[in-house]
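Every number here is computed from the coordinates shown, using simple stated rules; none is lab data. Everything numeric here is computed off the predicted structure, so don't read it as measured data. All Cβ positions, glycine included, derive from the backbone under ideal geometry; neighbour counts span all protein chains shown.
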Amino acid sequence: MLKFRTITLALRRAVVFGAVAAATIGLMPMGPAAAQTNILADDALIVAVYENRAEKVRELLVRQHPKSRADTDGRTALIWGSIQGSYDSVELLLKDKVLINQADDVGKSALYHAAQNGHADVVELLLTYDALIEQENRDGRTPLMAAVSAGHKAIVQSLIEAGADVTVSDFTGRTVLDLARDGRSRQVIRVLEKAGVR
């Protein structure tokens, strides 16, 4: 009965969201193996922010829709906005006093996700609203480390100028310079060296 219900749900989602590929049930994982988040089946605010529909976000906030609801991975609307680079929607959430430092299930904050995904404008906005610059994820990595790993020079520079600790290391002992060397971004390495990292 449980497998039938799971298959029925998968088919319904495939039809509703136009996911034709999802209709090939034999290729779709079932149960705990299917850990991917389906944000389209989640909260209306998360969807509106994900799609950066500022007017819909504004409408939901006026109607006092809960801002801290999270999807199955612990990602809130603010976190999804930071992942997607939905500047307008993120700004509306911040003006409405959303919990800025709330982290997802692996400890990544909105600032971490924005830094990791290269959204410099969202990073600057989050810093303006006093996002914790040294907030670590479960691996002991900070937003600076995320930006360094991804090779986002402008974000690395912004975080350093905002006071990010360049001497930090993660739980395995890897420093920001180690991560920059792994990413092979000479520009990021130069920024770090200019900031005094050795």
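Average projected area of the Cα convex hull of segment 137-198, in nm²? Intermediate results must be reported in sequence, preceding the final value.
On the way: hull surface 14.3 nm².
Computing the convex hull of the Cα atoms and averaging its projections yields 3.6 nm².
Could you check the spin-label model distance between Glu124 and Arg138? Points 7 Å from the Cα along Cα→Cβ, value in nm.
Placing both labels 7 Å along Cα→Cβ, they lie 3.4 nm apart.
Quick one: which residues, 5 or more positions from Ser169 or on another chain, have an amide H under 5 Å from its amide H? H modelled 1.01 Å from N in the peptide plane, none for Pro or chain starts.
none
For segment 177-189, what does the Karplus curve 6.51 cos²θ - 1.76 cosθ + 1.60, with θ = phi - 60°, yield as ³J(HN,Hα) per residue in whole Hz, taken in order and with x for Gly and Pro?
Rounded to whole hertz, the list is 5, 4, 5, 5, 5, 4, x, 6, 9, 4, 5, 5, 4.
Going by average Cβ density within 10 Å per residue, which order do the peptides 99-112, 163-176 take, highest to lowest?
Numbers: 99-112: 20.8, 163-176: 15.7.
The densest-packed peptide leads the list: 99-112, 163-176.
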